[in-house]
Amino acid sequence: MDEAQRAFIPLSERKRHPNHLSVAYPATLEEYAKAVTPESHLSLFPPFAGQHFAISNLARETEALVLLPSALWMSSCEPKHNILHGYADSDGRRYQLNPVDVRRCLAIKLEYYLTYVQKSFTFPSRYCCLRSGEEQCANKALISLGAHFAAIRGARDLPIRWDSFCCWKNDVCAGCEEVAVSRVSKNQKSLWNNLPAQFDLPQWETMVADINSVPPGHSRRTPAQAMQ
Ligand SMILES: [Zn+2]
């Protein structure tokens, strides 16, 4: 039994745990913020390398589309090398996205990162005050931003982490911080809401309604069944 099968075992008990995987791969930003905490994942199943790829693939096989935006987004946060080549476990099994999802994940990685850079510089230059004297909030923010991007490494889970704001929020006045918090939050929600379209999926509402409309006894194949 490999790690993917272990992860999906609870799905075979779907009547008792109907929302098992939707807790780890949810449809709302609020639930996603909870799901990515280590405590949350450990309570469901031990995380394993390539997990997001494995779950993305099995969600496609079982037409559990509502899991895909968050599973593919988490996949896109993996290092580029792993998105391209997948992960191999100790038994030589490889967890790898299909070629189309590889392209989608690389595309959103680029597009969302460009949005991150653009918005990061827009917030202070457009919304911070430019008062003379000690409270030159925009200038302080822009200096911190330069240092942030000069040292940036790796991917960002942008819907819940906006580090380019965290690096200067304590340096500006309360008014500027409040405005920036609101703008960052608005942009994070927008990125989350656009995930399905980025992966060529129906809108969130449509997928949620679809998964809730499957009548008892007519459920689609579960990922656990797909593994058999
Ligand atoms: Zn200010």
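The values are calculated or read from the model by the stated rules, or taken from the named source; none is laboratory data. Only a predicted model underlies this, so the values are computations on that prediction, with no experimental measurement involved. Here the Cβ is made from the backbone with ideal geometry for all residues, glycine too, and neighbour counts use every protein chain on show.
Quick notes
- For the range 147-165, a residue qualifies if it is touching a residue at least 12 places away in the same chain (Cβ under 8 Å) and aliphatic (A, V, I, L, M), and the qualifying residues are Ala147, Ala155, Leu158, Ile160.
- Residue match in the range 107-124 (condition: within 16 Å of the ligand (Cβ to nearest atom), outside any loop (DSSP other than H, G, I, E, B) and crowded, with 18+ Cβ neighbours inside 10 Å): yes
- Any hit, the range 161-179, residues being closer than 18 Å to Pro26 by Cβ, modelled with pLDDT under 95 and surrounded by fewer than 19 Cβ atoms within 10 Å (Cβ to Cβ): yes
- Top-ranked residue of the range 83-106 - restricted to ones that are modelled with pLDDT of 90 or more and basic (Lys, Arg), ranked as nearest to the ligand (Cβ to nearest atom): Arg104
- Taking the range 129-187 as the range and being out of contact with any Lys or Arg (no Cβ under 9 Å at 6 or more places or on another chain), within 20 Å of Lys109 (Cβ to Cβ) and not aromatic (Phe, Trp, Tyr) as the test, the residues that pass are His148, Ala151, Ile152, Arg153, Gly154, Arg156, Asp157, Leu158, Ile160, Arg161.
- Within the range 139-151, not a single residue is under 27 Å from Ala33 (Cβ atoms) and of a type in the set (D, E, K, R).
- Where a residue in the range 166-187 is in contact (Cβ under 8 Å) with a residue 60 or more places away in the chain and its partner, wherever it lies, is more than 15 Å from the ligand (Cβ to nearest atom) and in a helix (DSSP H, G or I), with Cβ under 6 Å and at least six apart: Asn187/Lys119
- If the condition is being aliphatic (A, V, I, L, M), buried (at least 17 other Cβ atoms within 10 Å of the Cβ) and under 19 Å from Gly154 (Cβ atoms), then the range 63-96 contributes Leu72, Met74, Ile83.
- Some residue of the range 156-175 being part of a helix (DSSP H, G or I), within 16 Å of the ligand (Cβ to nearest atom) and among the acidic types (Asp, Glu): yes
- Filtered by the rule that a residue be touching an Asp or Glu at 6+ places or on another chain (Cβ under 9 Å) and either within 13 Å of the ligand (Cβ to nearest atom) or under 16 Å from Val117 (Cβ atoms) (or both), the range 134-155 gives Cys137, Lys140, Ala141, Ser144, His148, Ile152, Ala155.
- Residues in the range 180-225 that are of a type in the set (A, V, I, L, M, F, W, C), at pLDDT below 95 and away from the ligand (no atom under 16 Å from the Cβ): Met207, Val208, Ala209, Ile211, Val214, Ala224.
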